[in-house]
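K.L.:
Handing you a structure now.
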Ligand code: HEM
């Protein structure tokens, strides 16, 4: 009896995911979780302005949570995998619905950010892989001065490499557009959209995206200017 109920629930969930709306909902929920990570990560990293000891202590405190940190990392990985899978499936559905490409693409009311989602997404994914090798694993060819546990020094030395700084700045600009459109579409998907509030929601999404990307850019620029040493 219990198995039959579980089967039917699973079946309904799969049926829901098969539809475009199901995939969009998965994108919105996983996007919200990833957005939450970006906020927490930035708040943690901003401690770089409080002196060398702070960020190292923060890193140590995170590692001291042990299993909890691995649960969070696992959850993040699952969210990223679902977000990318749903995005690719939506892209395939869109292509299937319109097999004949337009002879000439006419820009519509869709914003620049929405049209670049499929570019900014893969760029951010590539950045995360590079970023983990840079600051988490300290791959010698990517961060030759990396020292395990020395989070502040690793950050300063890592961002003092001009090529790395350019990569970070370029990706943060992409992150700005991705977050702007992502937050805005999330509101639409969960049904929190009303023509009356559209300008307000768009302004809020822009403000949040600018604050998050801007906070990260401020860290890179401060290292380059020697404000953070
Ligand atoms: C200027 C911008 C950024 C700086 C300075 C920065 C800095 C860092 C540092 C220092 C670490 C290592 C922390 C430690 O070992 O305790 C780290 C880890 C990480 N960062 Fe960033 N980060 C930035 C932007 C981002 C962005 C935009 C994302 C995702 C979109 C991201 C995702 C991650 C992830 C997934 C980890 C590994 C976390 C873990 O496994 O514990 N970072 N970052």
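K.L.:
With a ≥ b ≥ c the root eigenvalues of the C-alpha gyration tensor of region 2-224, is it rounded (a/c under 1.5), prolate (a/b larger than b/c) or oblate?
P.N.:
prolate
K.L.:
To the nearest 10 degrees, how steeply does helix 162-189 sit against the main Cα axis of the chain, on a 0 to 90 scale?
P.N.:
Relative to the chain, helix 162-189 is tipped by roughly 30 degrees.
K.L.:
Measure nothing but the geometry: give the 0 to 90° angle between the long axis through the Cα atoms of 198-224 and the longest principal axis through the Cα atoms of the chain, rounded to 10°.
P.N.:
Relative to the chain, helix 198-224 is tipped by roughly 30 degrees.
K.L.:
How tilted is helix 2-18 with respect to the longest principal axis of the chain? Cα atoms for both, answer in degrees (0 to 90, nearest 10).
P.N.:
Around 90 degrees separate the two axes.
K.L.:
Show that you can apply the helix-only estimate: for the chain, add -39,500 (n - 2.57) for every DSSP H stretch of four or more residues, divide by all residues, and state [θ] at 222 nm to the nearest 500.
P.N.:
Only helices count here, giving -25500 deg cm²/dmol.
A short reminder: the numbers here are calculations on the coordinates, not readings from a lab. Everything numeric in this text was worked out from a predicted model, so none of it was measured.
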